[in-house]
Each structure stands twice: as structure tokens, then as C-alpha cells.
1. Apply the membrane-span-like helix rule to the chain: whole DSSP H runs, Cα extent along the own long axis of at least 18 Å, mean Kyte-Doolittle hydropathy at least -1.0. List the helices found.
2. What are the ³J(HN,Hα) values, in whole Hz, obtained from phi via the Karplus relation 6.51 cos²θ - 1.76 cosθ + 1.60 with θ = phi - 60°, for each residue of the stretch 39-49 in sequence order, with x given for Gly and Pro?
3. Tell me, what ³J(HN,Hα) does each residue in the stretch 122-137 have, in order and in whole Hz, if you take phi through Karplus 6.51 cos²θ - 1.76 cosθ + 1.60 with θ = phi - 60° and put x for Gly and Pro?
4. Can you tell me the FRET efficiency between THR49 and TRP103 if r is taken as the Cβ-Cβ distance and R0 is 25 Å, rounded to the nearest 0.05?
5. Among all the aspartates and glutamates, which ones have a C-alpha under 19 Å from LYS90's C-alpha, if same-chain residues fewer than 8 places away are not counted?
6. Taking the chain as a Gaussian network, Cα atoms linked when under 10 Å apart, which of ALA108, ALA48, ALA72 shows the biggest mean-square fluctuation?
7. Within the chain, which is the longest segment containing none of the trypsin sites (Lys or Arg not before Pro) that sit in a DSSP loop and have at most 16 other Cβ atoms within 10 Å?
8. If you stretched the chain out fully between GLU24 and ALA126, how much longer would it get, using 0.36 nm times the residue separation minus the C-alpha to C-alpha distance?
Amino acid sequence: MNPEEAVFRSHVMEAPFQAGLDREQWGFHGSIDGIIWPHVTLWIQADATVMPSRRVHLLFDLQGYPQTAPTARPWDIEKNVPLEHASWPKGSGNVSKIFNPGWNGGTALYAPCDRMAMKNHDQWKAEFPGVWWERNFTIVHYLRFILAIS
């Protein structure tokens with residue numbers, strides 16, 4: 001196990017992540033033992049108006065974690081492929097802005113804590129200081145951001 005994966009595994013054992021599990025706000029698709037680093041599939045609880053299944057599955061790429069921000073994309077857990085663009089979460093406010101399959105070919109979320117979206121958006125650091133990824137954050141930071149908009 002490399003150091004990045006070891007740090008991630010320690011973060012998901014900490015109280016903030018475990019509390020989200022207990023409240024069924026998020027969880028692993030499968031188990032933590034099924035991780036094939038640096039990819040991790042997690043689900044986030046969503047309102048039925050945003051996602052009829054009430055869960056958004058995200059495939060995370062955690063290369064460089066936590067010094068480097070994660071990146072994630074909606075994932076079809078049945079087919080084990082990226083979620084079809086037509087099935088991405090939809091909704092008012094920031095939901096459709098962040099879950100925007102037209103941005104970057106649908107390879108990442110358009111969020112100020114996502115590694116791919118942070119590129120070429122340096123102004124977001126000042127606009128969204130509490131969201132912009134910092135190396136001392138844990139995966140909970142990203143999950144709470146997505147949970148809040150969905």
C-alpha cells in the first residue's frame with residue numbers, strides 16, 4: 001500500500017467520515033477492501049428530485065491524495081462505466097452547474113474542490129475559499145460539498 005492510500009484509509013476511519021456513514025449521507029460501493037488504488041467508488045445521498053435513485057455514485061481518482069485534490073465523475077455501478085450523460089443528476093441552483101456533463105467531456109465535476117475543475121479557475125480560490133481544496137482536507141470535505149448541493 002502506498003502512502004497516499006494509507007492516508008486515505010486513515011481518513012475514512014476518522015469520526016467525520018464515519019459519522020456520514022452512520023447518517024447514510026455517503027458510503028462505499030462495495031467495501032473498503034475492494035479499493036483498487038487510486039480509484040474509489042463512493043455514493044452520496046441525493047434528493048429524489050435530483051437523482052431518482054436517491055444516490056449519486058461517483059468514481060474518484062485520488063492520485064496524489066491529499067496533497068492533490070480528488071477528481072470524480074458520476075458512475076454507473078451496474079455497468080461499471082461512466083454514467084450516461086442523460087442520467088447525470090439534474091436540479092436547480094448549483095446542481096446542474098456542478099453536474100454538467102458538457103463540461104470537460106463529462107470526465108469530472110465542475111466544482112471548486114475538484115482537481116480537474118480547479119485548473120484554469122484560479123479565481124475560485126478567492127471566490128470559494130472554504131471549498132477550494134487544501135492539502136490538509138480529507139475526502140469528507142469533497143463529500144460534504146456535493147451533499148450540500150444535491
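1. On the way: long enough: none.
Once both thresholds are applied, nothing remains.
2. Calculated HN-Hα couplings, in order: 9, 9, 9, 10, 10, 10, 5, 9, 5, 4, 6 Hz.
3. Once θ is set to phi - 60°, the couplings for the stretch 122-137 become 4, 5, 5, 4, 7, 6, 10, x, x, 10, 3, 4, 10, 5, 8, 6 Hz.
4. Working: r = 22 Å, r/R0 = 0.87.
For THR49 and TRP103, the calculated efficiency is 0.70.
5. Here the aspartates and glutamates satisfying the reach criterion relative to LYS90 are ASP47, ASP76, ASP114.
6. Result for the chain, Cα springs under 10 Å: ALA48 fluctuates most.
7. Numbers: sites that count: ARG23, ARG54, LYS79, LYS90, LYS119, ARG135.
Longest gap between qualifying sites, sites excluded: 24-53.
8. Numbers: separation 102, 0.36 × 102 = 36.72 nm, distance 3.20 nm.
Result for the pair: 33.5 nm of gain on full extension.
The values are calculated or read from the model by the stated rules, or taken from the named source; none is laboratory data. Keep in mind it's a predicted model, so treat the numbers as computed, not measured. A quick note on method: Cβ atoms are made from the backbone with ideal geometry, for glycine too, and the neighbour counts reach across all protein chains shown. Ligands, DNA and RNA are stripped out before the accessible areas are found, and what is left, the full protein with its side chains, is counted by its heavy atoms. Shrake-Rupley method; radii C 1.70, N 1.55, O 1.52, S 1.80 Å.
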